[in-house]
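Colleague: Below is one structure. I have some questions about it.
None of the figures in this text is laboratory data; all of them are computed from the coordinates on show. Just so it is clear, the model here is predicted, and its values are computed rather than measured. Neighbour counts run over all protein chains shown; Cβ positions are idealised from the backbone, glycine included.
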Amino acid sequence: MKNKYKIIILGITIVIIFILFLRVLNSNKTYQPNQMIGKKIPEFILEDLLNKNTKLDSNILSGKDFAILNIWASWCIPCRIEHPFLMDLKDKNQINIIGLNYKDESVNAKNFLKKYGNPYSLIGIDKKGEVAIQLGAYGVPETYVLKRGKIIFKHIGPLNEDAVNKILELKK
Amino acid sequence: MKKFIFIIIFFILSSNVFSANEELKNKIYKNIRCIVCQGQSIYESNSDFAIDLKKLISKKLDNGENEKQIYEFLISRYGEWIVFNPGLNLNSLALWLLPLLIFMIGGFLIFRLNNKEKK
């Protein structure tokens with residue numbers, strides 16, 4: 001009888017340990033892109049790429065009902081792939097897109113916009129990549145969807161059709 | 001002569017402060033995961049991401065922030081995954097308590113077997 005109890009207790013212990021290990025195994029062990037979702041955009045003030053007298057102030061973003069913040073650079077090849085999607089979002093859907101020019105040379109960034117078009121209403125120069133870290137980004141391109149200054153969606157890598165559809169859905 | 005001694009003392013003291021600061025920096029770098037690398041800390045990595053983080057951490061330390069504040073900042077941006085040494089929370093509870101539990105069960109079993117043999 002005693003042995004029976006021992007076997008039951010041993011069995012339960014093994015099951016509990018198994019469940020605990022399974023839980024840890026299934027938990028997210030990679031970079032969590034949703035860490036900033038639901039949070040307010042961090043505060044920053046950056047110089048504008050195209051107009052030296054204008055500043056990109058994060059408080060301006062807080063006042064906007066719906067906006068997109070896109071981290072990009074002229075040296076970033078995937079940024080060229082996503083650029084037509086940004087142009088479409090601006091032209092066809094009238095979405096306010098704000099750019100964050102990441103660790104770039106201003107001349108190259110301006111040439112990039114001349115060649116591929118400018119979808120941005122403002123472009124902050126993040127020369128050292130510090131604002132990108134504040135945003136929880138780790139590279140380019142990355143896109144944040146903001147609603148009254150709050151991050152509601154984040155896309156890592158170049159925008160694609162699925163991401164654009166998701167953005168349009170969020171805008172409704 | 002007094003001036004000379006003063007300069008030597010100044011250099012010794014400042015080098016001590018400098019090395020303590022460097023030690024703390026390296027300690028933090030070693031505990032921060034380079035998210036874009038494979039299993040490396042930012043201390044070991046020369047990727048753009050690691051270099052940027054090292055610069056930012058160094059700047060924050062110079063601005064008077066402490067180790068805990070820096071970890072809190074990075075966790076708030078990148079999640080618990082960014083630190084190699086995670087704190088005690090619901091997800092890491094098993095990690096912290098299981099070895100202790102297994103050790104206690106093992107100790108209890110040895111104790112009981114030992115008692116039985118004596119009898």
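Colleague: Calculate, in nm to one decimal, what A:Leu20 and A:Asn51 gain on full extension: separation in residues at 0.36 nm each, minus their alpha carbon distance. It would help to have the intermediate numbers written out before the result.
Modeller: Numbers: separation 31, 0.36 × 31 = 11.16 nm, distance 5.60 nm.
Additional length available on full extension: 5.6 nm.
Colleague: Let me ask something else about it. Could you list A:Met36, A:Met87 so that the one with the fewest beta carbons within 10 Å of its beta carbon is first and the one with the most is last?
Modeller: On the way: A:Met36 22, A:Met87 15.
So the residues, fewest neighbours to most, are A:Met87, A:Met36.
Colleague: Could I ask something else about it? Please rank A:Lys110, B:Lys116, fewest neighbouring Cβ atoms within 10 Å first, as an exposure proxy. Mind showing how you got there, number by number?
Modeller: On the way: A:Lys110 17, B:Lys116 8.
Starting with the residue having the fewest Cβ neighbours, the order is B:Lys116, A:Lys110.
Colleague: Another question, if that's okay. Counting other beta carbons within 10 Å of each residue's own, what order do A:Trp72, B:Trp96, B:Trp81 fall into, fewest first? Show your work: numbers first, answer last.
Modeller: Numbers: A:Trp72 28, B:Trp96 13, B:Trp81 17.
Sorted ascending by nearby Cβ count, the order is B:Trp96, B:Trp81, A:Trp72.
Colleague: Please check which bits of region A:112-152 a label hung off A:Lys171 would reach, taking the label as a point 7 Å along Cα-to-C-beta and the cut-off as backbone N under 19 Å.
Modeller: The answer is A:117-123, A:142-152, whose backbone nitrogens lie closer than 19 Å to the label point.
Colleague: Calculate for chain B the 222 nm mean residue ellipticity that helices alone would give, adding -39,500 (n - 2.57) per DSSP H run of length 4 or more and normalising by residue count, nearest 500 deg cm²/dmol. Intermediate values should be presented prior to the final figure.
Modeller: Values: 4 runs with 83 residues, N = 119.
Helices in chain B give a 222 nm mean residue ellipticity of -24000 deg cm²/dmol.
Colleague: For the protein assembly as shown, list log₁₀ I(q)/I(0) at each q in 0.08 Å⁻¹, using the Debye formula over Cα point scatterers of equal strength and ignoring solvent, two decimals each.
Modeller: -0.52
Colleague: Quick one: if you stick a label point 7 Å off each Cα along the C-beta vector at B:Leu100 and A:Trp75, how many nm between them?
Modeller: Label at B:Leu100, label at A:Trp75, 4.9 nm between them.
Colleague: Grab the alpha carbons of region A:113-172, take their convex hull, and tell me the volume per residue in Å³.
Modeller: On the way: hull volume 7.2 nm³, N = 60.
Measuring per residue, one finds 119 Å³ for the Cα hull of region A:113-172.
Colleague: Another one. Quick check on the protein assembly as shown: of the DSSP beta bridges with both residues there, what percent are antiparallel, nearest 5%? Show your work: numbers first, answer last.
Modeller: Numbers: 19 of 30 bridges.
Antiparallel: roughly 65 percent of the beta bridges in the protein assembly as shown.
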